[in-house]
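K.L.:
Have a look at this one before I ask anything.
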Amino acid sequence: MPRIRPDGKKTQIVIVGGGAGGLELVTKLGANLSADDFDIILVDRNSSHIWKPLLHEVAAGSLDANLDEVGYRGHAFRWGYRYFDGALESIDRAAQQIIVAPIIDDDGSEVIGRHRIRYDYLVMAVGSVSNDFGTPGVRENCISLDSRADADRFRRRLLNQCLRVSREMTTDPGTESYARVAIVGGGATGVELAAELYSAATALGFYGLEVFDEKRLQVTLIEAGPRILPALPDKLAAAATAELEALGVRVLTATQVTSATPTAINTKSGETIEADIMVWAAGVKGADFLHGLGGLETSRSNQLVVGPTLQTTLDDRVFAIGDCAWYVPEGGNGRPIPPRAQSAHQMATTVYHNIRALIDGKSLRRFEYQDNGSLVSLARYTTVGSLMGNLVGGRMAVEGRLARLVYTSLYRMHLIAIHGWLKGISLMLIGHVNQVVRPKLKLH
């Protein structure tokens, strides 16, 4: 289509969701399309971005999100796009408009009313939410690490419980008091959080909780499958299990959760696992509002169904990328692309190319997922994973410092993608300085 519409308006490209894929895509579009011909818009209900794989560190207090978050307004000014604060409410595909919900202030007053934003091309990049599979009590009693707000809530509750334990032991030295955390889900999020908690507990003694250390922390990791980390080879999953148990984590596999109460997790075997804080990390799905959104086709898990070019099946002007997209590639044995940061990154690159191709009247590119493997960080203790999943017919197992180096490099690549080489490298250097001069824990 022409870069300037027949009505004289600019071609408008709207991206909903500023996660890993959405922010990388809007950065590329803003940097490479002329502002005279194109209007690039990012819509997100939050005012800033933080890389989702870091949320377990924010939750444990070992990462200060204020130092690593990216404010959309400043980023938009630098990279040539516009940012709209708001939550998507619906899509009017006939009018080629999205409807953004009203913004309500803390006192209940309306800041900005419900409004519409037109689009020539729309990209849905709203990520995913935790899937509780309808388990009774989970939504009311468990915390899911879907956002920074969730991570902050967990950290506050953890610190309060640690303070409570420290106070009880100070006033009554003979008491046996513990901070008990139950984590449901033995995937990357659950495993990384469990390890990060012990790393944080070790440091609490230096910040006013003299009688609290990792011995006063009880973490139970609950997995319904036969082993934790199903995305990794058996050997690496076993190594991660051994590492967690050495820290003090109680690892339960083949254990199905039947319900959650305010103070405990109940299992199918009849065991009641008492806990002060419960985290649900047992899988993801698309947000409920995606079901039937704009009449688009969705999967059973509320994800938008897309074809090989990542266009939605019922509307070529609407794309979906990242965790909210459901794409089953040919020869993929019926399995969809996994919800990983690397998937969102690769999808963003393909959609950038395809939007440019549509504008220029060229052929579109099919999305080809390259499985670069999985890495799981066990805090400062070690990192395990597998690399090069699609190369030389198999995987290369990695552990220890090499895996930690690669794990860190994934985030550095994300920084470069959204900030460019100069600022990205500068932020890496600042990060190294902060490790020395900043407190090891965020306690507020």
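Each value in this text was obtained by applying a stated rule to the coordinates, not by laboratory testing. Predicted model, so just to flag it, every value in this text is computed and none were measured. With ideal geometry, Cβ positions are generated from the backbone for all residues, glycine too; neighbour counts draw on all protein chains shown.
K.L.:
How big is the C-alpha Rg of the range 89-220 next to the rule-of-thumb value 2.2 N^0.38 Å, as a ratio? Please list the in-between numbers first.
P.N.:
Numbers: Rg = 21.6 Å, N = 132, 2.2 N^0.38 = 14.1 Å.
Output field value: 1.53.
K.L.:
Between the range 285-336 and the range 6-39, how many Å separate their Cα centres?
P.N.:
21
K.L.:
Just the Cα atoms of the range 212-352: what Rg and Dmax do they give in Å?
P.N.:
Over the range 212-352's Cα set, Rg and Dmax evaluate to 19.4, 57 Å.
K.L.:
Inverting the mean 1/r over all pairs of different Cα atoms, compute the Kirkwood radius of the range 20-135 and quote it in Å. List each step's numbers first, then the result.
P.N.:
Numbers: mean 1/r = 0.0618 Å⁻¹.
Its Kirkwood hydrodynamic radius stands at 16.2 Å.
K.L.:
Related question: Using alpha carbons only, how many angstrom separate the centre of the range 242-257 from the centre of the range 121-178?
P.N.:
The range 242-257 and the range 121-178 have Cα centres separated by 19 Å.
K.L.:
Hey, another quick one. Compute the FRET efficiency between Glu368 and Ala254 as 1/(1 + (r/R0)^6), taking r as their Cβ-Cβ distance and R0 = 41 Å, and round to the nearest 0.05.
P.N.:
So the FRET efficiency works out to roughly 0.70.
K.L.:
Report ³J(HN,Hα) in whole Hz for each residue of the range 74-82, in order, from the Karplus equation J = 6.51 cos²θ - 1.76 cosθ + 1.60 where θ = phi - 60°; Gly and Pro get x.
P.N.:
x, 5, 4, 4, 6, 9, x, 10, 10
K.L.:
Using just the C-alpha positions of the range 146-255 as equal point scatterers, what log10 of I(q)/I(0) does the Debye formula give at each q in 0.10, 0.13, 0.15, 0.20 1/Å?
P.N.:
The Debye formula, applied to the Cα set alone, gives -0.32, -0.52, -0.68, -1.04.
K.L.:
Spelling out what I want: for every residue of the range 356-371, take phi, set θ = phi - 60°, compute 6.51 cos²θ - 1.76 cosθ + 1.60 (Karplus), and round to whole Hz; glycine and proline get x.
P.N.:
Using θ = phi - 60°, the values come out as 4, 5, 5, 5, 8, x, 9, 6, 8, 9, 7, 6, 10, 6, 10, 6 Hz.
K.L.:
Sticking with this one: At a threshold of 8 angstrom on Cα-Cα distance, excluding pairs fewer than six apart, so keeping six or more, what relative contact order does the range 215-303 reach in percent? Mind dumping the intermediate values first?
P.N.:
Details: 100 pairs, mean separation 18.4, N = 89.
Relative contact order, the range 215-303: 21 percent.
K.L.:
Also, I was wondering about something else. Using the alpha carbon gyration tensor of the range 116-178, what are the three equivalent-ellipsoid semi-axes (square root of 5 times each eigenvalue), largest first, in whole Å? Walk me through the intermediate numbers first.
P.N.:
Values: eigenvalues 344, 48, 11 Å².
They are 41, 15, 7 Å, listed largest first.
K.L.:
Now, a different point. Efficiency by 1/(1 + (r/R0)^6): what FRET value for Arg167 and Ser47, r their Cβ-Cβ distance, R0 = 30 Å, to the nearest 0.05? Kindly include the intermediate steps, with their values, before the conclusion.
P.N.:
Details: r = 36 Å, r/R0 = 1.19.
The value I calculate is 0.25.
K.L.:
Set the Förster distance to 30 Å, then compute FRET efficiency between Asp360 and Thr313 from the Cβ-Cβ distance, nearest 0.05. Please report the intermediate quantities before stating the final value.
P.N.:
Values: r = 24 Å, r/R0 = 0.79.
My answer for the efficiency is 0.80.
K.L.:
A follow-up question, please. Non-local amide H neighbours of Tyr83 (under 5 Å, H modeled in plane, Pro and chain starts lacking H): which ones?
P.N.:
Here the answer is Leu42, since their amide H atoms fall under 5 Å of that of Tyr83.
K.L.:
Give, in nm to one decimal, the length gained when the segment between Leu422 and Ile99 is fully stretched (0.36 nm per residue of separation minus the Cα-Cα distance).
P.N.:
Here the segment from Leu422 to Ile99 would lengthen by 112.6 nm.
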